[in-house]
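Q: Sharing a structure here in structure tokens format.
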Amino acid sequence: MWIVEPDFDANGRQEMEVVHVHSILRGAHLIPVYGHDRVPPDLQHTESLDVFHVYYVNKYIDHHAFEIAF
């Protein structure tokens with residue numbers, strides 16, 4: 001699986017870009033890279049993009065994702 005992470009500029013700020021909705025083909029299934037520490041039991045799913053900084057892209061989630069990503 002591929003690993004993705006946010007991109008930062010020279011000042012340490014996260015680079016962002018607006019993506020036009022017509023250019024999105026489908027959603028991606030991201031699996032956080034958990035590391036060695038335990039995940040806090042009170043972690044909400046809405047906080048996962050702030051807590052984890054590196055993700056696996058799961059191209060094996062279904063046939064269509066595999067065909068597009070491969």
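Q: Most exposed first by the Cβ proxy, i.e. fewest other Cβ within 10 Å, how do F8, F52 rank? If you can, show how the numbers build up before the last one.
A: Numbers: F8 10, F52 17.
Fewest-to-most Cβ neighbours within 10 Å comes out as F8, F52.
Q: Still on this structure, I have one more. Please compute the net charge surrounding V51, taking Lys and Arg as +1 and Asp and Glu as -1 over other residues with Cβ under 14 Å from its Cβ. Each step should come with its number before you reach the end.
A: Values: positive: R38; negative: E5, D37, D42, E47, D50.
Computed value for this residue: -4.
Q: What value, in deg cm²/dmol to 500, does the helix sum -39500 (n - 2.57) over DSSP H runs of n ≥ 4 give at 222 nm once divided by the residues of the chain?
A: Working: 2 runs with 11 residues, N = 70.
So the calculated ellipticity at 222 nm is -3500 deg cm²/dmol.
Q: From Cα coordinates alone, what are the radius of gyration and Dmax values for the range 1-54 in angstrom?
A: 13.9, 39
Q: For Cα pairs less than 8 Å apart in space and 6+ apart in sequence, what is the mean separation divided by the residue count of the chain, i.e. the relative contact order in percent? Each step should come with its number before you reach the end.
A: Values: 57 pairs, mean separation 30.9, N = 70.
Value for the chain: 44 percent.
Q: Taking R0 as 25 Å, what FRET efficiency do you get between D50 and V18 from their Cβ-Cβ distance, rounded to the nearest 0.05?
A: So, using R0 = 25 Å, E works out to roughly 0.80.
A short reminder: the numbers here are calculations on the coordinates, not readings from a lab. What you are looking at is a predicted structure, and each value in this text was computed from that prediction instead of being measured. Heads up, the Cβs are rebuilt from the backbone with ideal geometry, glycines too, and the neighbour counts pull from every protein chain shown.
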